[in-house]
Amino acid sequence: MMSDKMKKDPRLPDETFEPFEETRRIPLPVYWIAIALAIWGVFMLVETSHSTQVADKARAQLDKQEQTKTAQVSAPDPAAGKALFSDNCATCHGDAGEGVAGAFPPLHGSDVVKLGGAQAVTEIVMRGIGGPLNVNGESYDGEMPAFGSVLSDKEISEIASYVATGLNDGTKTISASEVADIRKVSGDMDPWNGGAELAGLINGLPAQPDAKTPAAKGPDAKLVAQLVNEGTDTVWSCASCHGEKGEGLETVPRLAGLPAAYLVKQLHDFQKGARFNDSMAYVAKGLSDREIIDLANYYAGMSSPSGATPSLQGDLKRGAQLAKEGDWSIGVPACFTCHGPSGIGVAPEFPGIAAQQPSYVAHQLAMWAGGARHNSPLGLMAGISKALSDADRRSVADYLASLPPVPGSKPADMVAMTTSASAAKESSNDQ
Amino acid sequence: MTSKHPTDLPPSHTPKPSRGQTTIRAILAVGGGLTLVVLGSLAVDYGLAPSWLTGQKPVATAAAEDGSGLFTPPDESTIPDDQFGQSVRRGMAIFNDTGTNAHDFVGNDLSCSNCHLDAGRQAYSAPMWAAYPVYPKYRSKNKMVNTMEDRIKGCFTYSMNAQGSPSGGPPPYGSDVYRDLQAYFFWMSQGLPIGKKQEGAGFGKIDKPAQEPSRERGKEVFAANCAVCHGADGLGQKDRNGKQVFPPLWGPHSYNWGAGMHKVDAAAAFIQHNMPLSQPGKLSTQEAWDVAAFIDSHPRPNDPRQVGGITVEDALKKWHHSHDGFYGQTIDGVLLGTGFPAENQAAAPAAAGDSSGG
């Protein structure tokens, strides 16, 4: 009876059941993975702490070397001079200072260097030079950027001494302290105005062509300066963000020396919304076509020292490789293939990129890669930026920041009212 | 009697393992963990781990068997630091800036690296590593067996238009220019078998176009895709210091009528595989043929073989009958192949520009 009562009806749920958890052993593979991860973690900790120690040591050593270097101000090191020459000068003047016929004057066996010595070389390196110039009876009409803002006194002394005594048979070198004295006087001056002005510095220089007279400043020059420095009721001043000399700061770009036509196009793109930036869209919409052209010409003609320094912890060697040779294994041609040797720019579509603010460059590359900026001709920058890793972008931005600034454009490269309007229209049709 | 059903019993806990069992398990756990670490590091060492995991780029092997089957030439940093290495570096400098480093023998504004991209390393832009191991070879162009030196001499003669150079001709046999260039090519081709045709050689193949190439369509393709760099007039662009940045595609400072690139099929293949720079393959087969026809139907310097009163008609029969080009045709009222009289060099760009209007 009892047992019959107790007998469960299999159709009913078991009311006496109490849930329980069985204690099972943790399977062995879980232990394996946990232990492997722990070992790997400890290994990585030791590994990275070791490498940071090495880096710290190397940095300390470098600092020490730098200090001892600046301490001995006397004799510039010719080997260092040669290395600096090949990094900074050889791109244009050639590895042996042989120059390029018709474009870049020779430094090896040059009458200017022979007569002016290391001191004249320092003056030219510091300020840059533009306009007609005769060297060894050949005439040149190029523009050399001012290296004063990107090279230290010590570095300039080594380069100038190498050019005077290594590439020519001069005997007098120049010390870092003498360079510092020259910097005090001429560090902020405009580039030398061709051979004519140089003749005042170097005694007995053979006949030099007449200097080009600087373009007469139009009646609007004052208005433009006001726009740049003070702004208007509706538009704040350019200089408040881009700096007094248009040198830029962090993600605000350098404008000095960029092609006028390029600047006009960018401002129009901001107006139309083809390039996005809230501040710039507001400013550009507040500008008339006339003002845009005047501003573009103003900045295009500006020669300013570099306001950029490598600051993104990029690998400068990798950056130099990308800029000079490219990395074809990822489909990226050299920056300089289109932006010109040393990033000087090729008007109107390819702006100068030398001495551009590294944060700005890295930021723009990221925007192109992501599609937020898409106003480059043929969309060339999109594909290139996508192919670059984040580290590559920082590296190339830092390398470009280490270059001397692009000098101001010649008046001939300025935009006039009519042509620029049609040029802007044309280029917008390309998109 | 309340005998409970077995299933109603409170859960029976597994008996506590004995000490010995725990030890064995601990040994097994630690041993297995160590084995995993060893296996993992071995996998990384032998490159079996995927690159996204290790953050390392796969190492390029000499005859890259990475699926593309293309040879990867050695890195510039591996150029040795000795006399040979110096020659290699000089060769590379000549290759990349021919007008500066072989100044006396260059009669136009081009460099070797304008067509042989990435310093002669890029597949399908006639890479030098594919060319070097197949010389000497017989060429019907000059009906003789050509050494690499003969071949480079041909490049100077035609593509670099040496007739307009300061010396008036290509480097003489035995010149250091050949020595250094060959050292560069040899260094680049290390590890490749002699005489074997490599994938990526020349400009690659291009299909025949569906329609006969059209200069008119080509003109539009050019304006939309090429003009931004090569200029609306095709004469290239210089930077403000007068240094050539974008090469001229026609006119007095481009390759002459004897250069391989004047053949429309060669130009079309090059264009489709390499242009616009960084966007290879952007143009369709038809577009590549059309724009090649447009580019190669403009005036350019004379064929240098055409001396001693040889007329365009003679030259056409002798050298230009068997290939795909515009030599000897009259386009927009200009007989192509008459070159630019030396004294008219300054006026020539205007003439070239005019004819592009067609």
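Report, by chain and number, residues whose modeled amide H sits under 5 Å from the one on A:GLY326, excluding near sequence neighbours (fewer than 5 apart, same chain).
Result for A:GLY326 returns A:ALA334, A:CYS335.
For the pairs B:LYS205/B:LYS282; B:LYS141/B:LYS317; A:LYS172/B:LYS243, flag any whose C-alpha to C-alpha distance is greater than 22 Å. Please report the intermediate quantities before stating the final value.
Working: B:LYS205/B:LYS282 16 Å; B:LYS141/B:LYS317 14 Å; A:LYS172/B:LYS243 33 Å.
Beyond 22 Å: A:LYS172/B:LYS243.
Given R₀ = 51 Å, what would the calculated FRET efficiency be for A:ALA101 paired with A:TRP40, taking r from the Cβ atoms and rounding to 0.05? List each step's numbers first, then the result.
On the way: r = 61 Å, r/R0 = 1.20.
So, using R0 = 51 Å, E works out to roughly 0.25.
Give me a comma-separated list of calculated 3J(HN,Hα) values for the stretch A:23-34, in order, Karplus coefficients 6.51, -1.76, 1.60 applied at θ = phi - 60°, integers in Hz, x for any Gly or Pro.
Calculated HN-Hα couplings, in order: 7, 10, 5, 5, x, 4, x, 5, 4, 4, 5, 4 Hz.
If neighbour count is taken as other Cβ atoms inside 10 Å, put B:TYR138, B:TYR158 in order from fewest to most.
Values: B:TYR138 10, B:TYR158 24.
Going from least to most buried by this count: B:TYR138, B:TYR158.
What fraction of the DSSP beta bridges in chain A is antiparallel, stated in percent and rounded to the nearest 5?
On the way: 10 of 12 bridges.
Of those bridges, close to 85 percent are antiparallel.
At 222 nm, what helix-only mean residue ellipticity would chain A give, in deg cm²/dmol to the nearest 500, using -39500 (n - 2.57) for each DSSP H run of four or more? Intermediate values should be presented prior to the final figure.
Details: 19 runs with 213 residues, N = 431.
Computed mean residue ellipticity for chain A: -15000 deg cm²/dmol.
Roughly speaking, what is the stretch gain from A:ASP77 to A:GLU47, that is 0.36 nm per residue apart minus the C-alpha to C-alpha distance, in nm to one decimal?
Values: separation 30, 0.36 × 30 = 10.80 nm, distance 3.76 nm.
Extending this stretch completely gives an extra 7.0 nm.
Between A:GLU244, A:GLU18, A:GLU138, which gets the highest mean-square fluctuation from a Gaussian network model of chain A, Cα cutoff 10 Å?
Greatest mean-square fluctuation among the candidates belongs to A:GLU18.
Using DSSP, restrict attention to beta bridges with both residues in the stretch A:78-198 and report what percent are antiparallel, rounded to the nearest 5. Show your work: numbers first, answer last.
Working: 6 of 8 bridges.
Among the beta bridges of the stretch A:78-198, antiparallel pairing accounts for roughly 75 percent.
Taking neighbour Cβ counts within 10 Å as the exposure measure, how do A:THR48, A:THR337 sort from fewest upward?
Numbers: A:THR48 10, A:THR337 22.
Ascending Cβ contact count within 10 Å gives the list A:THR48, A:THR337.
What is the fewest-to-most order of B:VAL228, B:VAL134 by other Cβ atoms lying within 10 Å of their Cβ? Please report the intermediate quantities before stating the final value.
Working: B:VAL228 22, B:VAL134 17.
Least crowded to most crowded, the residues run B:VAL134, B:VAL228.
Could you check which residue among A:GLU15, A:GLU230, A:GLU325 shows the biggest mean-square fluctuation in a GNM of chain A with a 10 Å Cα cutoff?
A:GLU15
Using θ = phi - 60° and the Karplus form 6.51 cos²θ - 1.76 cosθ + 1.60, what ³J(HN,Hα) does each residue of the stretch B:242-257 get, whole Hz, x for Gly and Pro?
Running phi through 6.51 cos²θ - 1.76 cosθ + 1.60 with θ = phi - 60° gives x, 8, 5, 9, 9, x, x, 9, 8, x, x, 10, 10, 5, 8, 5 Hz.
Tell me the label-point distance for the pair B:ASP104, B:MET144, using the 7 Å Cα-to-Cβ offset, in nm and rounded to one decimal.
2.2 nm
In degrees between 0 and 90, to the nearest 10, how far off the longest principal axis of chain A does helix A:260-272 point, with axes built from Cα atoms?
Taking the Cα atoms of chain A, the angle to A:260-272 is about 40 degrees.
Which FRET efficiency value, to the nearest 0.05, do you get for A:PHE17 and B:ASP45 by plugging their Cβ-Cβ distance into 1/(1 + (r/R0)^6) with R0 = 56 Å?
Numbers: r = 55 Å, r/R0 = 0.98.
After rounding, the FRET efficiency stands at 0.55.
On a full-extension model of 0.36 nm per residue, what is the gain between A:GLN313 and A:ILE33, subtracting their alpha-carbon distance, rounded to one decimal in nm?
Details: separation 280, 0.36 × 280 = 100.80 nm, distance 3.56 nm.
Between A:GLN313 and A:ILE33, full extension yields an extra 97.2 nm.
Throughout, read-outs are computed from the coordinates displayed, never taken from laboratory work. These numbers come from a predicted model, not from an experiment. So basically every Cβ, Gly included, is an ideal-geometry build from the backbone, and we count neighbours across all protein chains shown.
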